[in-house]
Amino acid sequence: MSDALPILTQRRIEAAFAKGVYDEMKAELGEATAKRILAGAVIKLAKQTAAEMARQAPGGEPSLDAFRAIQPRWTAEDALRIDVVKSTESEFAFNVTRCRYAEMYRAMGLAELGAVLSCNRDGAFCEGYDKRLKLQRTQTLMGGATHCDFRYRWAEEPA
């Protein structure tokens, strides 16, 4: 993973490509269908990426600690500014107070797709990583809130 692009850079490349595909789908199929298809593809890719990251966890055993350890990939390039609220064996809670992903999508003229291209991935990532990893988030900067409230919990048994 050390040779991987920072995720902010990767998302910028993906967004430029996705915009072209989305615009074509929107012209052919309408906005709602185009967004639904794009969202489905993003969710599928997030689950696949998460499953790969889980396989690369120490000992091939995903855990909250292993998940916490990969967070620097998302914060690289000052992509996210976070305030950790709680970090225990079973909980990892933080607020995102600045999101350069959201800023980037707006600058690219993709504000309407920002949540589909980024925020949409977070819950799906948990599903792909391990069924025991749960996310509760009630607001996002992308959606106009003052911060994103990420509340991860590691359940003993998958739900």
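Readers should treat all values here as calculations from the given coordinates under stated rules, not as data from a laboratory. Fair warning: this is a prediction, and the values are worked out from it, not measured in the lab. With ideal geometry, Cβ positions are generated from the backbone for all residues, glycine too; neighbour counts draw on all protein chains shown.
Return the residue satisfying two criteria in turn: it lies in the stretch 86-104 and is in contact (Cβ under 8 Å) with a residue 60 or more places away in the chain and surrounded by fewer than 17 Cβ atoms within 10 Å (Cβ to Cβ), and of such residues it is nearest to SER118 (Cα to Cα).
Among those residues, the one meeting the criterion is GLU91.
Has the stretch 32-54 got at least one residue that is farther than 18 Å from THR75 by Cβ, in contact with an Asp or Glu (Cβ under 7 Å, 6 or more places away or on another chain) and of a type outside the set (Lys, Arg)?
yes
For ALA69, state whether it is surrounded by 15 or more Cβ atoms within 10 Å (Cβ to Cβ) and not acidic (Asp, Glu).
no
In this structure, is ARG11 loosely packed, with under 12 Cβ neighbours inside 10 Å, out of contact with any Cys (no Cβ under 8 Å at 6 or more places or on another chain) and not polar (S, T, N, Q)?
For ARG11, the condition - loosely packed, with under 12 Cβ neighbours inside 10 Å, out of contact with any Cys (no Cβ under 8 Å at 6 or more places or on another chain) and not polar (S, T, N, Q) - is not met.
Among the aliphatic types (A, V, I, L, M) and under 18 Å from TYR152 (Cα atoms): does that describe ALA39?
Against the criterion (among the aliphatic types (A, V, I, L, M) and under 18 Å from TYR152 (Cα atoms)), ALA39 does not qualify.
Residues in the stretch 63-75: is at least one of a type outside the set (D, E, K, R) and farther than 21 Å from PHE150 by Cα?
No, the stretch 63-75 has no match at all.
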